[in-house]
Amino acid sequence: AYTNRLEGKGIAWKQDGDIEILEFYTSIIYTNFIELTRFGGEMTVCAPTDYVMVNDHQFITARYEAEFSGTCTVQLIDLFDLSQQGVRLGLTEKDQLEYFMYTGRGEVVGQIATFEAFGNNAETRPGPRRVYRPLETFETMTDAEVRDAVLNRAHAFGDGKGSGAAGMGGYKSELVTRFVGKTMSVKADGGGPSIDYEFPEAGKLRWRPAGEADWREAYYEMYEPDDELYFFAHLLDAEFPRSCAMVAVDMKNGLATIVKGTTGTPFRNNETTPHYYFGTFATEGSATPPSYIRHGWTDEMVGECVTWNYQRGNPGLTSMHFYATPHTYSWIIFNPDGSGGMQWSSPGWYSKVRDGVYLMAWVEEACNGTLGVILFNQRTMHDAGFGYHVGRNGLSLSVIGARARHAGKFEIAKYLGLTA
């Protein structure tokens, strides 16, 4: 019978021919896996999977790499001795037929929380297998349509009339007006953007590239995700491609990070992409920054699983994020009974701002193209962030605000070659 008894488990497998793969059963209908040997472990892949229970320690999984190679992998897993026996049928990245049987031995790397009610041992809804096919809902636009959207129909935070949250900011924190009437200069290292600011009123700022004379006006929102740590965002010049600046400033040490979101990638003209710039800033009351220490990249989030509740209600808009590698970001959409459902993965970026506070970004690549950037505070289990999106309704810069729960961690750093 179909089962949820494997849900939440992660196993590192070593198969015949020294093929290594990490499998995470974070859903009852999908598998999230990392091909360490074949593809180097940089990214994860999500694929629909059937889970069948033979007995309390033996399970059959059947995985179909929909949206990718279409490869089918069927295997018998025995949890008593952590062994597997399977068969793989599909096409390689060179379009060559691949068909072989294999055995393997595994090591459990973690068991995260599951969220069904006690006594729920499987989802019983009838109907066909559900498959996440985000490309079918992707808004394909011409270059002319994207240009019109970013130049003539760009909106930030409801243009001063609201957050423009679009469902992702149901738990946003209070707006910060601390810098109204003050100035600020943010300087990125290594030739990155340096920006001067004036904050004449709540919700509106003036900005200019350092060294230029002309000021531009923009709507902005600012939040305080940790004590004396501020995060704000605004649109940049009306040019094509169009960019925004998301700026984190730490009053306690004078350090700053600018995440510049820009429209267009080599794959899709209406996808977005981030660029991180580490540096310093100065404003009234800020600390003198150190000469060499900066915010920087981190592997500390690797293996963590966190649920995010974006809207009030039960359950509201809720998903679980899995930070599987230093370069990938996965999300799991819950089924109505609380079990893990459909999944997708995207590129991800992780920087450390303070102990327990991380500036994280993802692009919903081959999905809807949205850039999300959040400052996540592990002590408050809350975030403050922004979304950047281009679609037929125009370009939008909006707020993200959600409440988090820690669902557990997979101990996988050693398999990815990471060191403390």
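Where a number appears in this text, it was derived from the coordinates with a stated rule and is not lab data. Because the structure is predicted, anything quoted here is derived from the model rather than measured. Positions of Cβ are generated from backbone atoms using ideal geometry, with glycine treated the same way; all protein chains shown enter the neighbour counts.
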Taking the chain as the reference, fit the longest principal axis to its C-alpha atoms, fit the long axis of helix 143-152 to the helix C-alpha atoms, and give the angle between the two in degrees, 0 to 90, nearest 10.
40 degrees
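Quick one: which of 103-111, 131-139 comes out on top by average Cβ neighbours within 10 Å, and what's the full order, highest first?
Working: 103-111: 16.0, 131-139: 13.8.
Per-residue mean Cβ counts within 10 Å order the peptides as 103-111, 131-139.
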Give, as ranges by residue number, the residues of segment 55-70 whose backbone N falls under 17 Å from the point 7 Å along Cα→Cβ of Ser83.
55-61
Straight-line reach check, Lys187, cutoff 23 Å on alpha carbons, 8 or more apart in-chain or any other chain, hits among lysines -> Lys204, Lys252, Lys260, Lys352
Place the peptides 148-156, 112-120 in order of packing, highest mean first, counting for every residue the other Cβ atoms within 10 Å and averaging per peptide.
148-156, 112-120
By its C-alpha gyration tensor, with a ≥ b ≥ c as the square roots of the eigenvalues, how is segment 80-218 shaped: rounded for a/c under 1.5, else prolate for a/b larger than b/c, else oblate?
prolate
Which of Asn335, Ala12, Val74, positive extreme of dipole for the chain (C-beta unit charges):
Asn335
In nm, spacing of pseudo-spin labels at Asp299 and Cys72 (7 Å Cα→C-beta vector):
3.8 nm
Could you give me the percent of Cα pairs per 10 Å distance bin for segment 1-45, shortest bin first, beginning at zero and ending with the bin that holds the maximum distance?
28, 47, 23, 2
Any idea what the dipole of the chain comes to, in debye rounded to 20, about its Cα centre with Lys/Arg Cβ at +1 and Asp/Glu Cβ at -1?
580 debye
Treating only the Cα positions of the chain as identical point scatterers, give the base-10 log of I(q)/I(0) from the Debye formula at each q in 0.06, 0.07 Å⁻¹.
-0.27, -0.37
Can you tell me the alpha carbon radius of gyration of segment 298-347 divided by the globular rule-of-thumb value 2.2 N^0.38 Å?
1.21
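Once a ≥ b ≥ c are taken as the square roots of the eigenvalues of the Cα gyration tensor of segment 232-302, is the result rounded (a/c under 1.5), prolate (a/b larger than b/c) or oblate (a/b not larger than b/c)?
Working: a/c = 3.28, a/b = 1.68, b/c = 1.96.
Oblate shape, in that a/c is at least 1.5 and b/c is the bigger or equal ratio.
Between Rg and the Kirkwood Rh of segment 283-368, both from Cα atoms, what is the Rg to Rh ratio? Write out the running numbers ahead of the final one.
Numbers: Rg = 16.5 Å, Rh = 15.0 Å.
Using Cα coordinates only, the ratio equals 1.10.
Can you give me the Rg/Rh ratio for segment 1-137, using Cα atoms for both radii and the Kirkwood formula for Rh? It would help to have the intermediate numbers written out before the result.
On the way: Rg = 14.9 Å, Rh = 15.7 Å.
On the Cα set of segment 1-137, Rg over Rh gives 0.95.
May I ask you to order 334-347, 306-319 by the average number of other C-beta atoms within 10 Å around their residues, highest value first? Can you show the working numbers first?
Details: 334-347: 19.6, 306-319: 15.7.
Ranking the peptides 334-347, 306-319 by packing returns 334-347, 306-319.
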How many nm separate the modelled label positions at Thr288 and Glu98, each set 7 Å beyond the Cα in the direction of the Cβ?
5.8 nm
Label Thr37 and Asp237 with points 7 Å out from Cα along Cα→Cβ: what is the distance between them in nm?
5.2 nm
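Among Glu98, Glu239, Glu364, which comes first, then next, by fewest other beta-carbon atoms within 10 Å?
Details: Glu98 13, Glu239 9, Glu364 22.
In order of increasing Cβ crowding within 10 Å: Glu239, Glu98, Glu364.
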Evaluate the Kirkwood expression for the hydrodynamic radius of segment 170-209, namely the inverse of the mean inverse distance over all pairs of different C-alpha atoms, and round to one decimal in Å.
11.6 Å
Nearest-0.05 FRET efficiency for Ala213 and Leu151, computed from C-beta distance (R0 25 Å)
0.60
The chain - mean residue ellipticity at 222 nm from DSSP helices (-39,500 (n - 2.57) per run, n ≥ 4, rounded to 500):
-1000 deg cm²/dmol
